[in-house]
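Here the structure comes first, spelled out in structure tokens, and everything after it is commentary.
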Amino acid sequence: MLEIRTLYDGSGVPPSHCLTKILRETYNGDLFFSESSKRPLIFGNFVQTLDGIVSLKIPGKSGGVEISGRNEADAFIMGLLRAYADAVMFGEDTFRNAPGHVWTAGCVYPPFEKEFHAFRRHVGKGSLHPLNVVVSGRGHVDLDEPLFRNKEIHSLVLTTEQGAARLHQKYGATLPATAHVLPGDTALDPSDMVALLQAEYGVTLLLHEGGPTLFSFFLRQSLLDELFLTMAPQIVGRSRMGERPAFSGSLGLPPEQAIWGTLLSVKWIKSGHLFLRYRV
Ligand SMILES: NC(=O)c1ccc[n+]([C@@H]2O[C@H](COP(=O)([O-])OP(=O)(O)OC[C@H]3O[C@@H](n4cnc5c(N)ncnc54)[C@H](OP(=O)(O)O)[C@@H]3O)[C@@H](O)[C@H]2O)c1
């Protein structure tokens, strides 16, 4: 048992139990999302240090595990969110920094793989895994990565025309991944990405796993409904050049445009990690 404890839960009462019994007990409470019909509900998930850093930007040590300290409860919650999602989205840099990884619930928290699958069946998801969506404007995606060879996981690349041309040049006409071309020179418009996922893949719950560069595009367009934020009780500093990012990347809003949140829940474990959920 992970011994996650709930300090506060203001997320409301679901009409009936949403999570299966074992997931509810492990999460120490239920979890549900109020979906809107207009566009997919978008929820982000990050782990940060007490001083707000999400990546150390040290080769081989720049991912979330160094930030969370390989915390099991954090991995469980990541898995739970992936199990809930129709699609999980991430930028090319996050993809490149996690060789061999696939964005499934079981990959991030293997002890609960069967429970996550059972949950997806229970809520009527059409597949055992969320659609994995890699975003790369320039098309620098390594299609030889296991993600694109895995027949159980539906994956796709969102890119520009220039990016698709680069992928075709490198991998030929038959791409192992479905590459979708959207308008844009190098940067895609988040609303185009969301509209495509909704129209062509029926996505209603979209999990955004960053990184900061991609996430900041969504924040700029207010395309975020909820944020799951793990606070890891460590301080690492921004470094002299300030290159260690917060989850908001290069966003720099004036106070009158700040994105305020409403606290939905607070959980904790004895290691001192806090698990915060906000509606934004
Ligand atoms: N602690 C956490 O919770 C957490 C979560 C996620 C990531 N991370 C870490 O954060 C680091 C990566 O962050 P990052 O900000 O450098 O990278 P990122 O956002 O994952 O990826 C940046 C790349 O994604 C593509 N991209 C982003 N926005 C785009 C847009 N609007 N249109 C088209 N393409 C777009 C571009 O790829 P192209 O250059 O190919 O066009 C860009 O260079 C990694 O070390 C990762 O492990 C930590």
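Taking 25 °C and 0.890 mPa s as conditions, the chain diffuses translationally at an estimated 127 µm²/s according to Stokes-Einstein applied to its Kirkwood radius (Cα pairs). Comparing ASN132, ASN45, ASN150 in a Gaussian network model of the chain (Cα springs below 10 Å), the most mobile by mean-square fluctuation is ASN150.
With a Förster radius of 22 Å applied to the C-beta separation of ALA199 and SER37, the computed FRET efficiency comes to 0.95.
Other residues lying with their Cβ under 12 Å from the Cβ of GLY210 contribute a combined charge of -3, Lys and Arg counting +1, Asp and Glu -1. A simple spin-label model places pseudo-atoms 7 Å from Cα toward Cβ; at GLN221 and ARG5 they are separated by 4.2 nm. Averaging the sequence gap over all C-alpha pairs within less than 8 Å and six or more residues apart, then dividing by the number of residues, gives the range 224-280 a relative contact order of 53 percent. Could you please report the charge total around LYS170, scoring K, R as +1 and D, E as -1 over all other residues with beta-carbon less than 11 angstrom from its beta-carbon? After counting each charged neighbour, the total is -1. Computed extension length for GLU72-ALA187: 37.9 nm, one decimal, from 0.36 nm per residue of separation with the Cα-Cα distance subtracted. The ranking of PHE148, PHE33 from fewest to most other beta carbons within 10 Å of each one's beta carbon is PHE33, PHE148.
Put in line by how crowded their Cβ is, counting other Cβ atoms within 10 Å and starting with the fewest, ASP74, ASP51, ASP86, ASP9 read ASP51, ASP9, ASP86, ASP74. By the count of other C-beta atoms within 10 Å, a proxy for reagent exposure, GLU92, GLU66, GLU256, GLU25 are ordered fewest to most as GLU256, GLU25, GLU66, GLU92. Modelled label positions at GLU25 and ILE235, each set 7 Å beyond Cα in the direction of Cβ, lie 4.0 nm from each other. Relative contact order of the range 102-214: 20 percent, from C-alpha pairs under 8 Å at least 6 residues apart in sequence. Here the 3J(HN,Hα) profile of the range 66-73, calculated from phi with Karplus coefficients 6.51, -1.76 and 1.60 at θ = phi - 60°, is 5, 6, 7, x, 6, 6, 5, 5 Hz, Gly and Pro shown as x.
Each reported figure results from applying straightforward, stated rules to the coordinates on display, with no laboratory input. A quick note: this is a predicted structure, and the numbers were derived from the prediction, not measured. Cβ coordinates were reconstructed from backbone atoms using ideal geometry, including for glycine residues, and neighbour counts include every protein chain displayed.
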